[in-house]
Amino acid sequence: QHIDTTRMTVHNKARGGRSSRTFRYEELWDAVKSELEPGDFVLMQFGHNDGGNVDKAKYRGSLKGMSDETQEVQRDSSGIETVHTYGWYMKQYIKETQDAGATPIVLSMIPRNEWPDGKVERPTDSYVKWAKEAVDEAGGFYLNLNEAVAQKYEAMGKDSVKALFPDDHTHTNHDGAKLNALTVAELIEGLRQSDLRDYIFIKEE
């Protein structure tokens with residue numbers, strides 16, 4: 001809705017339920033990387049599933065933080081996996097995007113419908129912070145989608161926001177998804193240092 005598709009092609013390679021760890025482990029990133037060309041832009045967003053179990057079924061949790069710490073994990077009968085930190089994975093995605101001549105754009109994760117102390121919860125001491133630190137260390141652009149959407153939710157009010165989350169506190173309905181997409185477009189339009197902003201439409205439904 002918000003991209004000029006007469007001049008730019010959008011490839012949606014996102015996959016639900018994946019973390020920074022499993023998107024790589026399942027070779028989903030390899031499929032993206034094989035198609036990258038100089039001049040491309042790659043929007044990447046991980047976090048919600050990175051907080052899962054590191055060494056239990058689903059095997060999608062990454063280690064916390066930005067360090068080079070690793071943990072060896074036995075994945076049932078499929079062998080041993082070396083698990084890294086969220087920050088390590090994000091910096092690898094950024095570096096490999098740059099190596100292909102493309103521009104990495106890291107988005108912090110959207111907020112959940114959680115309102116401690118009457119304000120939308122912001123994980124500013126974990127994944128929001130680490131996403132920004134990955135960009136600070138490795139390059140690219142950072143969009144604080146978490147803060148931008150949280151501000152919109154607070155302006156809407158708790159009851160209105162609840163209607164966007166019919167099933168749980170993490171997954172929005174279509175209206176919530178449209179609000180998030182519009183917010184991403186607004187943030188990209190604010191990227192004064194990137195040509196991607198020239199391909200953006202801001203139109204509210």
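The values are calculated or read from the model by the stated rules, or taken from the named source; none is laboratory data. What you see is a predicted model; the values in this text were computed from it and never measured. A quick note on method: Cβ atoms are made from the backbone with ideal geometry, for glycine too, and the neighbour counts reach across all protein chains shown. Quick note on the areas: whole protein, heavy atoms, side chains included, nothing else; ligands and nucleic acids left out. Shrake-Rupley method; radii C 1.70, N 1.55, O 1.52, S 1.80 Å.
The list [x] -0.28, -0.89; [y] -0.42, -0.93; [z] -0.53, -1.15 gives values of log10 I(q)/I(0) by the Debye sum over Cα atoms at q = 0.08, 0.14 Å⁻¹, and only one came from this structure; which label was calculated from it?
Working out log10 I(q)/I(0) by the Debye sum over Cα atoms at q = 0.08, 0.14 Å⁻¹ from the coordinates points to [x].
Which residue, His84, His48, His11, has the most motion in a Gaussian network model of the chain that connects Cα atoms within less than 10 Å?
Top of the fluctuation ranking is His11.
Computing the accessible area with a 1.4 Å probe over protein heavy atoms, can you report the carbon and sulfur percentage for region 1-122?
Heavy-atom surface of region 1-122 belonging to carbon and sulfur, 1.4 Å probe: 45 percent.
List the residues, sorted by chain then number, that are 5 or more residues from Phe141 or on another chain and whose placed amide H is less than 5 Å from its amide H.
Ile105, Val106
Test of understanding: in a Gaussian network model of the chain with alpha carbons linked when under 10 Å, which of Pro104, Pro116, Pro38 would top the mean-square fluctuation ranking?
Pro116
Run the accessible area of region 135-205 with a 1.4 Å probe and give the carbon-and-sulfur part as a rounded percent.
Carbon-and-sulfur percentage of accessible area, whole number: 46.
So what's the net charge close to Asn53: Lys and Arg +1, Asp and Glu -1, counting the other residues with Cβ under 14 Å from its Cβ?
With Lys, Arg at +1 and Asp, Glu at -1, the net is +2.
How many Å² of accessible area per residue for the chain, probe 1.4 Å?
Value returned for the chain: 54 Å² of accessible area per residue.
Charges only on Cβ, +1 for Lys and Arg, -1 for Asp and Glu: so what's the dipole of the chain about the Cα centre, in debye to the nearest 20?
About 260 debye.
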